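Okay, so here's the structure we're looking at.
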Amino acid sequence: MARIAGIDIPREKRVEIALTYIYGIGLTRAQNILSSTGVNPDIRVKDLDDGDVQKLRMATEAFTIEGDLRRQEGMALKRLQDIGCLRGRRHRMSLPVRGQRTRTNARTRRGSRKTVAGRKK
């Protein structure tokens, strides 16, 4: 079981894809890490030897990933909310932040529909 940055990466997947299970590492960054370390991206994680895993650990330490990245993003959102700017208020109210319409759509952000009882005529 390869453990990188506190995450157990899946054994049966290719190394290139398995690295993307770490928060803060996407496909492009995973490819860059593999090319810089010289690890073959096509082999499976279970076939990695200890030296390769150690190289990958050292290469990922150069980036802000996992807990540090989550904390950084949370603090950025908290700062926006504290200064009371429009983006911060929209985050606080769970509404779309980047100018999308909310009269219709925006279901992901606002949550499921709540039915309202019909009025008597």
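Taking residue 68 as the residue in question, decide whether it is exposed (fewer than 12 other Cβ atoms within 10 Å of the Cβ) and free of Cβ contacts under 8 Å to residues at least 60 places away in the same chain. Before you say what the answer is, go through the steps one by one.
Numbers: exposed (fewer than 12 other Cβ atoms within 10 Å of the Cβ): no; free of Cβ contacts under 8 Å to residues at least 60 places away in the same chain: yes.
No, not satisfied.
Need pairs with beta-carbon distance below 7 Å; first residue closer than 16 Å to residue 49 by Cβ and within the stretch 1-24, second among the polar types (S, T, N, Q) and surrounded by fewer than 17 Cβ atoms within 10 Å (Cβ to Cβ); sequence gap 6+ or separate chains.
From residues that are closer than 16 Å to residue 49 by Cβ, there are no pairs.
Any residue at all in the stretch 87-102 that is surrounded by 15 or more Cβ atoms within 10 Å (Cβ to Cβ), modelled with pLDDT of 95 or more, farther than 21 Å from residue 11 by Cβ and out of contact with any helix residue (DSSP H, G or I) (no Cβ under 7 Å at 6 or more places or on another chain)?
The answer is yes; a qualifying residue exists.
What is the residue count in the stretch 42-65 for residues that are closer than 16 Å to residue 29 by Cβ and out of contact with any Gly (no Cβ under 6 Å at 6 or more places or on another chain)?
The total comes to 10.
The values are calculated or read from the model by the stated rules, or taken from the named source; none is laboratory data. These figures come from a predicted structure and were not determined experimentally. Don't worry about glycine lacking a Cβ; one is built from the backbone with ideal geometry, like all the others, and counts go over all protein chains shown.
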